[in-house]
Every structure is written in C-alpha cells, then in structure tokens.
Amino acid sequence: MPPLSPDVYEGLRASIAVSGVVLPIIVWPHRGVRYIVDGSHRKGIATELGYECPEVLRSDLTEEEARVMARALNMARRQLTTIQKRQIIADQLRETPEKSARWVGKMLGVDDKTVGSVRSELASGAEFPHLATIRGQDGKCYPAPSPSSRSAVGNHERYTPSWLVDAVRRVFGRIDLDPASSSKANRTVKATTFFTKRTDGLKRLWHGRVFLNPPFDDWPAWAGRLDREIESRRVTQAVVVGPANISAFRPLLKRGGVLLVPDERPKYYDPDSNRLVDPPFGSLIGYLGQHQDRFIAVFGTRGVILRQIVP
Ligand SMILES: C[S@@+](CC[C@H](N)C(=O)[O-])C[C@H]1O[C@@H](n2cnc3c(N)ncnc32)[C@H](O)[C@@H]1O
C-alpha cells in the first residue's frame, strides 16, 4: 500500500497518543507468520508509544481474501490520490486478471468503469495477459474486451499540452527529435525533426534530445526502440510520456532514469475539438540523461519522482 503522507501520519500518531488504538487492527496468521491486513501504521505507532494494540485474528481468510481485504479497507478509509487508487486496482487486476471489472469493482468498493479503464491501461503494457475470456462473479465466462474497444487508448491523436512541452524544453534546451508525431502536433512540440505515421518513427534512427509520447497501444515497440537507441548512444537524453504503469518504465529505471508520477492526471490536446481532454487513462513521465537535476527541478513540483534504488 502507498505510505501515509507525513501530515496524515502525524495526525494518526497524535490521536493514538491521546486516545490509544481505538480501531482494532486485523491480523492474518499464516504458516507461523502474523501478517497485518489492516492497521500496520496503528500497530507501529502503538509499539513506539508502548501502548496496547487491540487486534482481530482472521485465520479463516485465504491468502487472496487477505490481500483483497487489505486493498478494500485502504480504498475505503484512506485519502488516496486518483493515481494511488488506480495503482491498487492495477495490483488487484494483475493478481486476478480473469475476474470481470464489475467483480473487481465490488471486491474493492470502486465503480466498475474505473476498473475497466485501469484494465485498458494495463492492456496497453507488455506484461498484462491478453485473455480471450473473463469470469463474472456469477461464474460465467464472457469475451474479454477486444483491443479495438480499448476506448481512447487506441486514439493516437492526443497531443502533448504546451505546458508539458515547454517544461521539456526547459530541461533539454531544444527538442531534437519527436519520433511519434504529426505536423499538427509539432506546431506545439517544435522538434527540429519529427516522424509521422507515414514516415514511420519505428523504422528510423533516432538521435540527440528525444521527446517521445507514442501511441500507448503499441507501447512495447516504442519503449523497446527507445531502449535500443539509448544503448547505441545516438540518443543523449529522453523525456518519455507513457502509460501509468510503473513496470512499463522498468528499462528506463534500470538504466538509472527517473520517473514522475503526476499528482494530477495530465490532459491532452484533442485536435478535433481543439480542447484539452481528460483521457480515460493516466500517464507517467520518464527522464533519462545527464540532467536529472534539471528534470527534477522542472517537473518535481508536479508529483512524486521515483528512482530505482536496487539495480
Ligand atoms: C500520442 S500522439 C503524440 C504526438 C506528439 N508526439 C505529441 O506529443 O504531441 C502519437 C502520435 O504518433 C503518431 N504515430 C502513430 N504511429 C506512428 C509511427 N509509426 N511513426 C511515427 N508516428 C506515429 C500518431 O499519428 C500521433 O500523432
């Protein structure tokens, strides 16, 4: 589960210091280990203060039930950001990809549309299984949503807003190449060189300071290509917009890059309506290159910056 923010943690600590632990923690004993399903912060604070910590033992739970309970209680009680909630839903979907959105929604107490949109987002990454059928709570199997019904994940014409491109320029100085673009998008991106569907950025050599916001439904191809271009050292710095799935950025993080998890889901420009629109999926922004300090200074106020600490 995501950690508590410092002010929420301090509030909880102050309340326990005055009243003790009022709400019992839930413990799942399994093969001699006591797992805290709910209340690890309460337990930690009580131990630190030398207080009693009431608990409820739930030896009746299966491992899966214990995990679902932990997620559902966190979703219900804690003040989580949209991105944190979607990450918890994503964890559940990775664990039970065969369960329908409605079922997962009921398990976690969230609406099934949100679960469906997280599923679409995961399906755009490489590691989520593409199942032919999913199972409803009634035990029946239904056809899985087809890639073509993946709502706006399949709409490639969503352009980067000018605030984000301006921020990239503050990190780079200049954008040398946008490998996945269109002439309309490049009016904002202003890359010296850009490739389009017709000139096919996946078949060209990339170079210099690259800004990449590719079609998410073909993410593995674009991420793999970026990794090879970095390996070749033709690409010197990269800012990459990708799906809100941290594992999609694993190669970049393994190479020592950093990742912005935005507090607010970025909106993208819809050239048909000439407006910024809220896509049904979130995005993360990665950076690789020698100017991490600049990236952090420019983007760090917009969310949480992640870096892999274990190689
Ligand atoms: C999400 S949009 C981003 C556009 C632009 N890079 C930006 O940030 O505003 C992805 C763009 O990639 C283009 N595209 C799709 N396939 C492509 C390919 N094989 N080569 C180059 N561009 C492609 C789409 O037409 C679309 O304009």
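Points to keep in mind about this one:
- Label-to-label distance, T196 versus R234, with points set 7 angstrom from Cα along the beta-carbon direction: 2.1 nm.
- Estimated D of the stretch 207-311 in µm² per second, where Rh is the Kirkwood radius over Cα pairs and Stokes-Einstein applies at 37 °C, 0.692 mPa s: 230
- Whole-number percent relative contact order across the chain, with pairs defined as alpha carbons under 8 Å at least 6 apart: 13
- Span from the the stretch 14-72 Cα centroid across to the the stretch 76-94 one, whole angstrom: 20
- Gaussian network model of the chain, Cα within-10 Å springs - most flexible of Y35, Y268, Y159: Y35
- Other residues lying with their Cβ under 15 Å from the Cβ of G139 contribute a combined charge of +3, Lys and Arg counting +1, Asp and Glu -1.
- Around the Cα centre of the stretch 221-261, unit charges on the Cβ atoms of Lys, Arg, Asp and Glu (plus for the first two, minus for the last two) sum to a dipole of about 100 debye.
- Rounded to the nearest 500, the helix-only mean residue ellipticity at 222 nm of the chain stands at -11000 deg cm²/dmol, with each DSSP H run of n ≥ 4 adding -39,500 (n - 2.57).
- Using only side-chain charges placed at the Cβ, +1 for Lys and Arg and -1 for Asp and Glu, the dipole size of the chain relative to its Cα centre rounds to 920 debye.
- Taken about its Cα centre, the stretch 18-93 carries a charge dipole of roughly 260 debye when the Cβ of each Lys and Arg holds +1 and the Cβ of each Asp and Glu holds -1.
- Legend: ranking of residues R77, R67 from fewest to most surrounding C-beta atoms inside 10 Å; resulting order R77, R67.
- Phi to ³J(HN,Hα) by Karplus 6.51 cos²θ - 1.76 cosθ + 1.60 over the stretch 225-240, Hz, x for Gly, Pro: 5, 4, 4, 5, 5, 6, 4, 6, 6, 5, 8, 9, 9, 9, 10, 10
- Compactness of the stretch 1-114 was expressed as the Cα radius of gyration divided by 2.2 N^0.38 Å, which yields 1.15.
- Amide H contacts of V304 (H built 1.01 Å from N, under 5 Å, at least 5 apart or other chain): V261, D263
- The chain shape via C-alpha gyration tensor axes, a/c threshold 1.5: prolate
- Near I134, the amide H atoms lying under 5 Å from its own belong to Y142, A144; only residues 5 or more places off or on other chains count, and H is placed 1.01 Å from N.
- Legend: distances between Cα atoms for K43/K99; K106/K140; K190/K267; K85/K184; K190/K254; pairs beyond 25 Å are K43/K99; K85/K184; K190/K254.
- Charge sum, other residues only, whose C-beta stays under 10 Å from I26's C-beta, Lys/Arg counted +1 and Asp/Glu -1: -1
- Scanning residues 5 or more positions from V277 or on other chains, those with amide H under 5 Å from its amide H are Y268, Y269, D270, with H placed 1.01 Å from N in the peptide plane.
- Local net charge near A46, Cβ-Cβ under 12 Å (Lys/Arg +1, Asp/Glu -1): 0
- Furthest towards positive pole of dipole, G44, S59, Y268, structure part the chain, Cβ charges: Y268
Where a number appears in this text, it was derived from the coordinates with a stated rule and is not lab data. Since the structure is predicted, the reported quantities are computational estimates derived from the model, not experimental observations. Cβ sites come from the backbone with ideal geometry, for glycine too, and all protein chains shown count toward neighbours.
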